[in-house]
Amino acid sequence: MTAAIYYHPEAYTTSGPKLMGRNAAGESFLRGFLAHSQAAEFWAQVQKPEHAQHFARTVQAHGRPEPVKAVEKHQLGGLAQAGVVYYPGPGIGEHAFQRAAWGHGAWSLCGITHTTSSAGAMDALAELITAPVQPWDAVICTSTAVKNNVERLLQAQVDYLKDRLGVTRLVLPQMPVIPLGIHTQDFVFTGAQKAAARQALGVEADTLVVLFMGRLSFHAKAHPLAMYQALEAAAQATGKSVVLVECGWHANDFISKAYADAARLACPSVRVVTLDGRKADDRQTAWAGADVFCSLSDNIQETFGIVPIEAMAAGLPVVVSDWDGYKDTVRDGVDGFRIPTLMPGPGWGEDLAQRHALEVDTYDMYCGHNCSLVAVDVQATAQALVRLFASPALREQMGAAGQERARAVYDWAAIIPQYEALWAQLTEIRAAQAPALKALPQPWPARMDPFHAFASYPTQFLTPQTVLALVDADAATALQRTLAYRQLAMVDFAKVVLPTEVELRTVLAATAGQPQPAAGWVAGLPASRQAFVFRALAWLVKLGVLKVLA
């Protein structure tokens, strides 16, 4: 079982002007999906025709000959043929409302968590409680830690609604834990590539290269001070020559200077090399030239953390913080070391939440204030680095264990079957439960039928019993006037709700000029078009072509 991909090119590329983790995850997912999906045809939900064309070219570029089908906004019901739609974010609530017109059981929705700390992400998750999501929908949680975070947020929203409205019935989507994947073969380097990388870095054979890979943001990714201090302590304790490679990018000169100043103060004996993580050649130099990988994530915007898995695939022992998704991916003492972390307990951050909620603090400052109160054990980090610096055998052992784990557990070849198994399960649940779903007269209350929402506005309604008559003496004159009015810009702008010329001829000639109930005026049309043209009888009254008699 496969799914239609909600496709916007920006979400699936790392070549855009603002590279974020979700872009890297989206690009990697799509490549993995097209490589390992068992689909007999590929579907996309798109906002623009050019996005459909881009998707088709991408499918073909990955060597998939299967048919490609796209569904645009004006034909959303076509998603029922696909059966499941995958969205690269957690906010499936809005899409559940959009599905409502075709029935909540028409197809399944599947989202995925990325960051869950932004206001937009938190609001989207809270909306799941009141949006018409169903048991045949899902939000994939990429780690155990982020699933716990999502459950806490949902429980808080439930508690509020119970207190406020006395709600007793809840319908939630599935929330399976499926990790992100990588292409492990991308991180396998020959001896020649490794030698060339170390030469490019200007390091000797006995120099130890420690790598940090990722966005260089102390407030929104990983505060580097603990890593700097631990590297200095390990270098001093072992007497080793140590080079730190930071492969990423600074958002601005202020952040770049902040990193340089901190490194000079905290690790003066460690040479720091900065490479541009947006460039493929620099990334390869970093991965191929490193001996040890270190990432001490301490930020709530992180949910999974892909780079330790990439490091494991590259055969590097890893030193990471015991934080978020790293808890799932890195086996302490096997693939490397997980370093203890510390933060204040529940109840001590309400002022931070309020400042963010009231926009006193930007999202960046909210993340920065939080991470300033999260500590990574510097001494434990230094001890882990000392052990790795002192033992080539341990580095090789842990690197080999991590590489095996990355290939077996985190390659897209292992992950995509989990996605497709989930999508198949959602389809089974929908087939079993959706037929019993009660249809509401207004399934999307905030987007009601306007003729229901504003029912108190008119003098009377157009009903099948409303008696209508021609204003003109004959149908030919009425048609001539109608077609003339139809040419006016102020009339033709609404062509999407207007009958065709053929339908107008049929309607105006239907009663031989005699007054008739409204139902009689459309009786000669195909059944599939009668309701559409019946509504447009009000338009003919608007033009003064028909008049209401009773």
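For (1) among the β-branched types (Val, Ile, Thr); (2) in a helix (DSSP H, G or I); (3) open to solvent by 40 Å² or more (accessible area, probe 1.4 Å); (4) on the phi < 0 side of the Ramachandran plot, each residue gets a yes or a no:
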residue	(1), (2), (3), (4)
Arg387	no, yes, yes, yes
Leu394	no, yes, no, yes
Gly399	no, yes, no, yes
Glu404	no, yes, yes, yes
Val409	yes, yes, yes, yes
Gln418	no, yes, yes, yes
Pro435	no, yes, yes, yes
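Enumerate the pairs (first residue in segment 510-528 and farther than 17 Å from Thr463 by Cα; second residue anywhere and open to solvent by less than 30 Å² (accessible area, probe 1.4 Å) and acidic (Asp, Glu)) with beta-carbon separation below 7 Å, excluding pairs fewer than 6 apart on the same chain, so at least 6 apart or on different chains.
Partner pairs satisfying both residue conditions: Leu525/Glu503.
For segment 37-53, state whether one or more residues are in contact with a Phe, Trp or Tyr (Cβ under 8 Å, 6 or more places away or on another chain), among the charged types (D, E, K, R), in contact (Cβ under 8 Å) with a residue 24 or more places away in the chain and surrounded by fewer than 20 Cβ atoms within 10 Å (Cβ to Cβ).
Checking segment 37-53: not a single residue is in contact with a Phe, Trp or Tyr (Cβ under 8 Å, 6 or more places away or on another chain), among the charged types (D, E, K, R), in contact (Cβ under 8 Å) with a residue 24 or more places away in the chain and surrounded by fewer than 20 Cβ atoms within 10 Å (Cβ to Cβ).
Here is a yes/no grid of residues against (1) at pLDDT 95 or above; (2) closer than 18 Å to Ala100 by Cα:
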| site | (1), (2) |
| --- | --- |
| Val409 | yes, no |
| Leu422 | yes, no |
| Gln433 | yes, yes |
| Lys438 | no, yes |
| Pro445 | no, yes |
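Hey, could you check segment 385-402 for residues that are out of contact with any Lys or Arg (no Cβ under 7 Å at 6 or more places or on another chain) and of a type in the set (A, V, I, L, M, F, W, C) and say which is farthest from Val330 (Cα to Cα)?
So, considering only residues that are out of contact with any Lys or Arg (no Cβ under 7 Å at 6 or more places or on another chain) and of a type in the set (A, V, I, L, M, F, W, C), the one farthest from Val330 (Cα to Cα) is Ala390.
Could you please find all residues in segment 221-245 being charged (D, E, K, R) and farther than 15 Å from Asp291 by Cβ?
Those that are charged (D, E, K, R) and farther than 15 Å from Asp291 by Cβ: Lys221, Glu232.
Within segment 457-480, is there a residue that is over 30 Å from Ala510 (Cβ atoms) and among the aliphatic types (A, V, I, L, M)?
So far as segment 457-480 goes, no, none of its residues is over 30 Å from Ala510 (Cβ atoms) and among the aliphatic types (A, V, I, L, M).
Could you check segment 446-463 and list, in sequence order, the residues that are of a type outside the set (A, V, I, L, M, F, W, C) and either surrounded by fewer than 11 Cβ atoms within 10 Å (Cβ to Cβ) or in contact with a Cys (Cβ under 9 Å, 6 or more places away or on another chain) (or both)? Full working, then the answer.
First, the residues of segment 446-463 that are of a type outside the set (A, V, I, L, M, F, W, C): 447, 449-450, 452, 456-460, 463.
Those that are of a type outside the set (A, V, I, L, M, F, W, C) and either surrounded by fewer than 11 Cβ atoms within 10 Å (Cβ to Cβ) or in contact with a Cys (Cβ under 9 Å, 6 or more places away or on another chain) (or both): Pro450, His452, Ser456, Tyr457, Pro458, Thr459, Gln460, Thr463.
Please indicate, with yes or no, whether at least one residue in segment 534-542 is out of contact with any strand residue (DSSP E or B) (no Cβ under 8 Å at 6 or more places or on another chain), open to solvent by less than 60 Å² (accessible area, probe 1.4 Å) and farther than 17 Å from Phe461 by Cβ.
No, segment 534-542 contains no residue that is out of contact with any strand residue (DSSP E or B) (no Cβ under 8 Å at 6 or more places or on another chain), open to solvent by less than 60 Å² (accessible area, probe 1.4 Å) and farther than 17 Å from Phe461 by Cβ.
Leu201 - would you say it is in contact (Cβ under 8 Å) with a residue 12 or more places away in the chain and over 28 Å from the mean Cα position of the chain (by Cα)?
yes
List every residue pair whose Cβ atoms lie under 7 Å apart, where the two residues are 6 or more positions apart in sequence or sit on different chains, the first residue falls within segment 435-452 and is without any contact (Cβ under 8 Å) to a residue 60 or more places away in the chain, and the second residue, located anywhere, is loosely packed, with under 10 Cβ neighbours inside 10 Å and in a helix (DSSP H, G or I).
Gln442/His452
Can you tell which of Pro458, Pro464 is in contact with a strand residue (DSSP E or B) (Cβ under 8 Å, 6 or more places away or on another chain) and in a loop (DSSP other than H, G, I, E, B)?
Going through Pro458, Pro464 in turn, the sole match is Pro464.
Filter segment 136-191 down to the residues that are of a type in the set (A, V, I, L, M) and more than 22 Å from the chain's Cα centre (by Cα) and list them by number.
Ala156, Val158, Leu161, Leu165, Val167, Leu170, Val188
Here is a list: Leu109, Leu34, Leu76. Which entry is at pLDDT 95 or above and surrounded by fewer than 21 Cβ atoms within 10 Å (Cβ to Cβ)? Walk me through it before giving the result.
Numbers: Leu109 fails: surrounded by fewer than 21 Cβ atoms within 10 Å (Cβ to Cβ); Leu34 fails: surrounded by fewer than 21 Cβ atoms within 10 Å (Cβ to Cβ).
Selected residue: Leu76, the only one of Leu109, Leu34, Leu76 that is at pLDDT 95 or above and surrounded by fewer than 21 Cβ atoms within 10 Å (Cβ to Cβ).
Just to be sure before I move on: is Thr58 assigned to a loop (DSSP other than H, G, I, E, B) and either open to solvent by 10 Å² or more (accessible area, probe 1.4 Å) or farther than 21 Å from Gly91 by Cα (or both) in the structure I sent?
no
The values are calculated or read from the model by the stated rules, or taken from the named source; none is laboratory data. Please read all numbers here as calculations on a predicted model, not as lab measurements. Reconstructed Cβ throughout: ideal geometry from the backbone, glycine too, with neighbour counts over all protein chains shown. For the accessible areas, the whole protein counts, side chains as well, though only heavy atoms, and no ligand, DNA or RNA atoms are used. Shrake-Rupley method; radii C 1.70, N 1.55, O 1.52, S 1.80 Å.
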